[in-house]
Amino acid sequence: IPGITATSLTVKSGAKLTHPASTATGARSLSLNVSGTLTIEDGGSIDVTGRGYPEAATYPGVTGTPAPTDSAGSHLGTGGIAGTSATTPTYGSVERPREAGSGGWNGAGMPGGGVVRVEAGTVALGGATAKIVANGAGGSWRGGAGGSIWITAGSMTGDGLIEAAGGVSYRRGGGGAVAIEYGTVTGTVLTRVNARGGSGGGAADNGGAGTVVLKGPGSTRGTLRVDNLGTTGQQ
């Protein structure tokens, strides 16, 4: 499992930090432990899009996994389907997400999103194009589900994007899971956090929303947000 421990870490503009692709028998993840500041410059990214479970694979032990069907991948959001096809079951942790997104099913399925775990004194996303993303892959018939992002930080700053969205294909992937525990925040970063399902098709084709938990200072449980950003999709 790739992991980095550092006093400070900067992802430069144009650079991408990621982890290897998962396999059907094991998810991979990226773990960052930064005692000082993790900086992601404008144009830089921590990006594990499509690094989750491959086609027709999901989290081990998930019950009710259907035989191959015309379904996009699911995580905490349900993947889109064709007609009356069975959906891929949902799974995962809302407060401590560490699970990869599942891949699409029934041929031409794209992989789900990977897993990012960050522990840092400060997480600074420099500008609007700085990002931490664990999206499902898209571009084919059945998109992958969003993966997981779990951040624990003394402070969050900046205006970047944090996202674990479903992949956009003919059948769109379900949303993943994001949890952020923080002491202070400046900038717009927390307003842009999302785990939306893949959008752009009919209600059955679109993925359902995943989960976002934001836990600020003094909060016991935090705030749970399930928001598909205006898209009607799977539940």
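Quick notes on this one:
- Number of the exception - G207 against (1) modelled with pLDDT under 95; (2) open to solvent by less than 40 Å² (accessible area, probe 1.4 Å); (3) not hydroxyl-bearing (S, T, Y): (1)
- Of the residues making up segment 223-233, those that are open to solvent by 40 Å² or more (accessible area, probe 1.4 Å) and not in a strand (DSSP E or B) are V226, D227, L229, G230, T232.
- Residue match in segment 64-85 (condition: touching a residue at least 24 places away in the same chain (Cβ under 8 Å), surrounded by fewer than 20 Cβ atoms within 10 Å (Cβ to Cβ), closer than 28 Å to V185 by Cα and out of contact with any Asp or Glu (no Cβ under 9 Å at 6 or more places or on another chain)): no
- Check on T63, within 16 Å of A145 (Cβ to Cβ) and in a loop (DSSP other than H, G, I, E, B): no
- Hits in segment 108-132 (condition: outside any strand (DSSP E or B) and more than 21 Å from G208 (Cα to Cα)): G126, G127, A128, T129, A130
- On inspection, G207 qualifies as part of a loop (DSSP other than H, G, I, E, B), touching a residue at least 60 places away in the same chain (Cβ under 8 Å) and not acidic (D, E).
- Top-ranked residue in segment 154-169 [being within 17 Å of G210 (Cα to Cα) and surrounded by 22 or more Cβ atoms within 10 Å (Cβ to Cβ); ranked as nearest to the chain's Cα centre (by Cα)]: A164
- Scanning segment 187-204 for residues that are assigned to a loop (DSSP other than H, G, I, E, B), more than 17 Å from R142 (Cβ to Cβ), without any contact (Cβ under 8 Å) to a residue 60 or more places away in the chain and not charged (D, E, K, R) turns up T188, V193.
- Members of segment 21-53 found to be in a loop (DSSP other than H, G, I, E, B) and within 21 Å of G138 (Cβ to Cβ), listed by number: A21, S22, A24, A27, R28, V48, T49, G50, R51, G52, Y53
- Residue-level check: of (1) crowded, with 24+ Cβ neighbours inside 10 Å; (2) under 15 Å from E99 (Cα atoms); (3) of a type in the set (A, V, I, L, M, F, W, C), I151 misses just (1).
- A single member of T152, T184, T220 is of a type outside the set (A, V, I, L, M, F, W, C) and assigned to a loop (DSSP other than H, G, I, E, B), and it is T220.
- Matching entry among V178, V94 (being under 17 Å from the mean Cα position of the chain (by Cα) and either over 22 Å from S31 (Cα atoms) or assigned to a loop (DSSP other than H, G, I, E, B) (or both)): V94
- Condition check for T220: free of Cβ contacts under 8 Å to residues at least 24 places away in the same chain and over 19 Å from G113 (Cβ atoms): yes
- Residue in segment 1-37 that is surrounded by the most Cβ atoms within 10 Å (Cβ to Cβ), counting only those that are of a type in the set (A, V, I, L, M) and touching an Asp or Glu at 6+ places or on another chain (Cβ under 9 Å): A27
- Residue count for segment 104-119, restricted to those that are surrounded by 24 or more Cβ atoms within 10 Å (Cβ to Cβ) and over 11 Å from the mean Cα position of the chain (by Cα): 5
The values are calculated or read from the model by the stated rules, or taken from the named source; none is laboratory data. Bear in mind that the values here come from a model prediction, so they are computed numbers and not experimental data. Methodologically, a virtual Cβ is constructed for each residue, glycine included, from the backbone with ideal geometry; neighbour enumeration extends over all protein chains shown. These accessible areas exclude ligands, DNA and RNA; they are computed on the full protein's heavy atoms, side chains included. Shrake-Rupley method; radii C 1.70, N 1.55, O 1.52, S 1.80 Å.
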